[in-house]
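Enquirer: So that we are looking at the same thing, I have put the structure below in structure tokens.
The values are calculated or read from the model by the stated rules, or taken from the named source; none is laboratory data. Note that this is a predicted model, so its numbers are computed, not measured. Don't worry about glycine lacking a Cβ; one is built from the backbone with ideal geometry, like all the others, and counts go over all protein chains shown.
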Amino acid sequence: MKTKPAGSIGVFDSGFGGLLVLKDIVRLLPAYDYVYLGDTARVPYGNRSPEVVYEFTRQAVDFLFSKGCELIIIACNTASAEALRRIQQEHLPEAYGRTKRVLGVVVPAAEEAVAKTENARVGLIATEGTINSGAFRKELIRRKKRIKVFSQSAPLLVPLIETGEYASEPAKLILKKYLSPLFAKKIDTLILGCTHYGILKREIQKLAGKRVLILSEGTVVARKLREYLLRHPEIDSRLSRHSRRVFYTTDLTRRFAKLGSRFFGSPVRAIRADLER
Ligand code: DGL
């Protein structure tokens, strides 16, 4: 008997950042149905302990599966770095058997950086949690032994972005302070290892000059997802295609409607989600 296609693609982030990734995914794969979840009540994740990030991510994954998702993209580097492996290895087999899939953003970004760098000097800007996890370093070195990775955590950027203050003069100064030490290392590729930072790409490119490739994750993740679905027709066949987009947030604020729409590129009307039930 043929399985009826029924599932959506879930996209999860701690806040707005994942909407930039979803925008690129929808542009490349518009026919699928998507459910977005932003944990805006508990953002930022980047300064929290791995245990808390795991617990929040597990709740988010369960919520998205309860809304009919078949496949989830964790569009949050912090959650990908600190929780994804345990979700894949422990939670999914225990709670869902082998049917559901959860993918992250660290591996696609690391693959792309390795493919693009010419001098094998790669910069990484990310949250404290992502940097401390060592996940990027591990994925980069696994693919290219002689690669040099220069990391910088940027704890102030996510709060500035979530409050809509990212284009202000103080924000530009902070950005410059974070990035200057990386540019001094003669990197030729800079990974924006936090999905929120995609909104700063133009500003960062200006600071970096033309010689540094700024790698933001949206387009990379979208392309890798398309390749993944081509490689896994058994999953692709379970995904529904009615071009539906549904947005959930754990805190319904006016800011989400305004900034969310700016990040996603078209109007976003969110429904409140309760993850702790
Ligand atoms: N977008 C998340 C990431 O990619 C933001 C992290 C946070 O909530 O601090 O890491």
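Table: residues versus (1) surrounded by fewer than 14 Cβ atoms within 10 Å (Cβ to Cβ); (2) over 25 Å from residue 133 (Cβ atoms); (3) within 16 Å of the ligand (Cβ to nearest atom).
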residue	(1), (2), (3)
187	no, no, no
197	no, no, yes
202	yes, yes, no
206	yes, yes, no
221	no, no, yes
230	yes, yes, no
245	no, yes, no
252	no, yes, no
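Enquirer: Applying the selection to the range 51-91, what residues are in a helix (DSSP H, G or I), within 13 Å of the ligand (Cβ to nearest atom) and either in contact (Cβ under 8 Å) with a residue 40 or more places away in the chain or aromatic (Phe, Trp, Tyr) (or both)?
Expert: Those that are in a helix (DSSP H, G or I), within 13 Å of the ligand (Cβ to nearest atom) and either in contact (Cβ under 8 Å) with a residue 40 or more places away in the chain or aromatic (Phe, Trp, Tyr) (or both): 53, 56, 57, 60, 77, 78, 79, 80, 81, 82.
Enquirer: Just to verify a result, which residue in the range 92-126, among those that are within 15 Å of the ligand (Cβ to nearest atom) and more than 12 Å from the chain's Cα centre (by Cα), is nearest to residue 224 (Cα to Cα)?
Expert: 110
Enquirer: Here's something else I'd like to know. Can you name the residue in the range 1-40 that is modelled with pLDDT under 95 and charged (D, E, K, R) and, of all such residues, is nearest to the chain's Cα centre (by Cα)?
Expert: Taking the candidates together, the pick is 4.
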